[in-house]
Amino acid sequence: MKQPVWQKSSYCAQGDSCVHVAAGPAGIHITESADPRGTILTTTPDAFRVLLRSLKGEPHRTPEAPVLEVTTAGDGDTVRLHTSGAPGAPAVTTDRRRWDAFVQGVRAGEFDHFTV
């Protein structure tokens, strides 16, 4: 089986320790390379497209597919990305600096090709 090719934002200054995205037959995969558990969140291209549009501040219609939700912990530094309404589902956890680097890449269009 072919391994996915992972992409990170060019704004990530932490070497390989960043939010990574890859496309595969099961959908779009998202992970945080610094996560010791190696959690991989898999979602649909439609849900990923809605996430990208939301992070870019663009209007979008609500998809029928599950929506990706971004939450922060009480400390404000821990960011979690997970499927809305799916308790116990995998969640990608990162810190604010790495998340902000990912968002900068999103706003620059670096991940748009995953939704075509």
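Which loop GluC sites (Glu not before Pro) in segment 16-116, with loop taken from DSSP, have no more than 13 other Cβ atoms within 10 angstrom of their Cβ?
Counting only loop positions with at most 13 other Cβ atoms within 10 Å, the GluC sites (Glu not before Pro) in segment 16-116 are E64.
Apply the a/c threshold of 1.5 to the C-alpha gyration tensor of the chain and tell me whether it is rounded, prolate or oblate.
Because its axes are fairly even, with a/c under 1.5, the chain counts as rounded.
So how do K8, K2 rank on accessible area, 1.4 Å probe, biggest first, that is with the largest at the start?
K2, K8
Using a probe radius of 1.4 Å on heavy atoms only, what accessible surface per residue do you get for the chain? Whole Å² is fine.
Here the per-residue accessible area is 57 Å².
Farthest toward the dipole's positive end in the chain, which of G38, S54, H113, given Cβ charges of +1 (Lys, Arg) and -1 (Asp, Glu) about the Cα centre?
My answer, from the dipole projection, is H113.
Using a 1.4 Å probe over the heavy atoms of the protein chains, calculate the carbon and sulfur portion of the accessible area of the chain as a whole percent.
Here it works out to 51 percent.
Taking the Cβ of D95 as the center, what net charge do the other residues with Cβ under 14 Å away carry, scoring Lys and Arg +1 and Asp and Glu -1?
-1
The values are calculated or read from the model by the stated rules, or taken from the named source; none is laboratory data. Just so it is clear, the model here is predicted, and its values are computed rather than measured. In this analysis, Cβ positions are derived from the backbone assuming ideal geometry, glycine residues included, and neighbour counts consider all displayed protein chains. Please note that ligands, DNA and RNA were not included when accessible areas were found on the heavy atoms of the full protein model with its side chains. Shrake-Rupley method; radii C 1.70, N 1.55, O 1.52, S 1.80 Å.
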